[in-house]
Amino acid sequence: MILLPITYYLLPITYYLLPITYYLLPITYYPIIPMKKTYALSLSLLILLSCQSTSFPDEESWIDLTHSLDQHTIYWPTEPGTFHLDPVYEGETEGGYYYSAYKFCMPEHGGTHMDAPVHFAEGNKSVDQIEIKQLIGEGIVVDLSDKAHNNPDYLISEKDLEEWFKKEKVNPTGKIILFYTGHESKWSDRADYLGTPLKGEEAVPNLHFPGLSEKGALWLVNVGAKAVGLDTPSIDYGQSKDFMAHRVLFAANIPAFENLTNLKKIADQKVYVIALPSKIGGGSGAPLRVIATPI
Ligand SMILES: [Zn+2]
């Protein structure tokens, strides 16, 4: 077992050294190593190389955790706008070919999107300042749906996290941690998803959906989580007044992914995650295309 990681790192080196080995060995070691042995060595290196499996996951295995942006996209009730897609041109041109182009307009925080740390932490990273290495890599989908699905005020606690990671024997350090609360199933009904049909400031006290507690957020910071996401409108629960999960995570420059979907398909699984937001310069948030595949 110890040899496996060594082999993993040595193989790429072998790959680059092989041509050199092939040409140099007969010259350098000819008097010492007979030609037959030289080619045997090269051949065995080739066989070793051919045993190296491709590391990129099967393209068919990737799951889209993203809601489409359209007229049904759910925004925070105090957002003045929603998603608009207006045609600039659509139809036959004078040149006799079809052409279409549109312009879109939307607030940063709606649909499947990323919150950048500067959203709640002055001077911390904006969307464009977050490095790619923080947005891709190994992740975990923590299934808390048995507790959260029928409780729209559920707060994911420190205890939930400690218990889950202990039970599953998973190390959270350096991982992208996604929470499946079951709330994603309510997306098609805005009132059910937000907890209220209201819009504007009067909607805010009536928001009901699960989220992460302050202590839960602190736990994630302390274990060194890379990014955090969930299938609800906000990383803080609907009834939050102080948005402590946002504030704690963003103070540590940990971005959050909100309004994810299809987490049910990979609940309780280790995954690879690719979460790439539109690179909005200075943005506090951005629409996010996020995909995952089981490891
Ligand atoms: Zn947001």
Tell me, please, whether a residue that is more than 16 Å from the ligand (Cβ to nearest atom) and over 20 Å from G195 (Cβ atoms) can be found in the stretch 231-246. no
Please go through the stretch 277-295 and give me each residue that is in a strand (DSSP E or B) and away from the ligand (no atom under 15 Å from the Cβ), ordered by number. R289, I291, A292, T293, P294
Among the residues listed as L161, L135, the single one being in the same structural domain as K279 (by TED's automatic domain parsing), more than 16 Å from the ligand (Cβ to nearest atom) and out of contact with any His (no Cβ under 8 Å at 6 or more places or on another chain): L161
Mind checking which pairs have a first residue in the stretch 105-118 that is over 16 Å from N253 (Cα atoms) and touching a residue at least 12 places away in the same chain (Cβ under 8 Å) and a second that is among the hydrophobic types (A, V, I, L, M, F, W, C) and assigned to a strand (DSSP E or B), Cβ under 8 Å, 6 or more apart or different chains? E108/A286; T112/F257; T112/L288; T112/V290; H113/F257; H113/A286; H113/L288
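If a residue must be surrounded by 17 or more Cβ atoms within 10 Å (Cβ to Cβ) and either under 13 Å from the mean Cα position of the chain (by Cα) or assigned to a helix (DSSP H, G or I) (or both), how many such residues does the stretch 259-276 contain? Before the answer, list the steps.
Taking the stretch 259-276 as the starting set, the residues that turn out to be surrounded by 17 or more Cβ atoms within 10 Å (Cβ to Cβ) are 259-263, 266, 269, 271-275.
Keeping just the survivors that are either under 13 Å from the mean Cα position of the chain (by Cα) or assigned to a helix (DSSP H, G or I) (or both) gives 259-263, 266, 271-275.
Final tally of qualifying residues: 11.
The values are calculated or read from the model by the stated rules, or taken from the named source; none is laboratory data. A quick note: this is a predicted structure, and the numbers were derived from the prediction, not measured. Here Cβ is always computed from backbone atoms with ideal geometry, including for glycine, and neighbour counts include all displayed protein chains.
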